[in-house]
Amino acid sequence: MVRNIDYAQRKKDILTSTINRYIQDAVPVASEDIARDFDLSPATIRNVFAELEKDGFLTHPYTSGGRIPTNKGYRYYVDFLLSQMELLEEDKEFIVRKYKSEIKCLEDVLEKTSEIISAITHYTGIVSLLEWQDRFFYKGVSFILEEPEFRDAERVRMLIKLIEERRRILDIVNRDFCGNVKVYIGDELGLPEIENCSLVVSRYCINDQPSGRLAVLGPKRMKYRYTIPALEYISNILNGVLTRI
């Protein structure tokens, strides 16, 4: 019996699996690894890799090495997965529990929120208030510095300098956007110093009025399927907390 194979869907599934594996392991993905996931031959996977590379979704850093995602690959991955992302109940409970400590003023809430974002995502959490010109709360820069992408001392120096300067980061964080979440990947940030990073941004409100932004700064190899719903959930909980201050 001849099977009807949906080659387009298989190609998408192989791309998703490749990006998932690269996010997890931070090393170029070999055809043999993906072949085991799909019960296909490495040669078949290499053919699909070649198509995905021709389409601009994958690239290879070495002549005979495995594949890594391009910015276009990450963009497809994020856009395709957005509707499928959900946060685990235990993570929701963790976030709610963190907000139960006594908080007396707006600044305490926003600082606490940057800590919660960093703790739940293991990336850098950023919280801005639109009426503040050159100020935001941030926690967890050390998490980024632990990532393989930042083994280079010059990259570390540029990242820290950019965060300390604040203004250019705020210009991106505070941009208006459609939808609940905006994801900037690599060169979409427009900041050469962190072109190997991504930024996920959400809004929060005070008395139903848009008042600021929550953001996660991490490597392009970010765990998007976890980070995006976490930031959305924190935003929703924060809106409720701010009505009680």
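The values are calculated or read from the model by the stated rules, or taken from the named source; none is laboratory data. These numbers were taken from a predicted model, which means no experiment stands behind them. We place every Cβ from the backbone using ideal geometry, glycine too, and count neighbours over all the protein chains shown.
Is it fair to say ARG46 is more than 18 Å from GLU147 (Cβ to Cβ), of a type in the set (Lys, Arg) and either in a loop (DSSP other than H, G, I, E, B) or free of Cβ contacts under 8 Å to residues at least 60 places away in the same chain (or both)?
Working: more than 18 Å from GLU147 (Cβ to Cβ): yes; of a type in the set (Lys, Arg): yes; either in a loop (DSSP other than H, G, I, E, B) or free of Cβ contacts under 8 Å to residues at least 60 places away in the same chain (or both): yes.
Here the answer is yes, as ARG46 does meet what is asked.
Can you confirm whether VAL127 is of a type outside the set (Gly, Ala, Ser) and part of a helix (DSSP H, G or I)?
For VAL127, the condition - of a type outside the set (Gly, Ala, Ser) and part of a helix (DSSP H, G or I) - is not met.
Name the residue, out of ASP171, ASP176, that is surrounded by fewer than 16 Cβ atoms within 10 Å (Cβ to Cβ), assigned to a helix (DSSP H, G or I) and at pLDDT 90 or above.
ASP171
Test TYR22 against the stated conditions and say whether it is touching a helix residue (DSSP H, G or I) at 6+ places or on another chain (Cβ under 8 Å), touching a residue at least 24 places away in the same chain (Cβ under 8 Å), assigned to a helix (DSSP H, G or I) and not hydrophobic (A, V, I, L, M, F, W, C).
Against the criterion (touching a helix residue (DSSP H, G or I) at 6+ places or on another chain (Cβ under 8 Å), touching a residue at least 24 places away in the same chain (Cβ under 8 Å), assigned to a helix (DSSP H, G or I) and not hydrophobic (A, V, I, L, M, F, W, C)), TYR22 does not qualify.
Can you name every residue in region 187-243 that is touching an Asp or Glu at 6+ places or on another chain (Cβ under 7 Å) and within 14 Å of ASP91 (Cβ to Cβ)?
If the condition is that a residue be touching an Asp or Glu at 6+ places or on another chain (Cβ under 7 Å) and within 14 Å of ASP91 (Cβ to Cβ), then PRO229, ALA230 are the ones that fit.
Inside region 88-117, can you point out the residues that are in a helix (DSSP H, G or I), free of Cβ contacts under 8 Å to residues at least 60 places away in the same chain and either exposed (fewer than 10 other Cβ atoms within 10 Å of the Cβ) or of a type outside the set (Ser, Thr, Tyr) (or both)?
Listed by number, the residues that qualify are GLU89, GLU90, GLU93, PHE94, ARG97, LYS98, GLU107, ASP108, GLU111, LYS112, GLU115.
This table checks each residue for (1) more than 29 Å from LEU231 (Cα to Cα); (2) in the same structural domain as GLU195 (by TED's automatic domain parsing); (3) at pLDDT 90 or above.
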{"residue": "ASP13", "(1), (2), (3)": "no, no, yes"}
{"residue": "ILE34", "(1), (2), (3)": "yes, no, yes"}
{"residue": "LEU52", "(1), (2), (3)": "yes, no, yes"}
{"residue": "PHE57", "(1), (2), (3)": "no, no, yes"}
{"residue": "THR63", "(1), (2), (3)": "yes, no, no"}
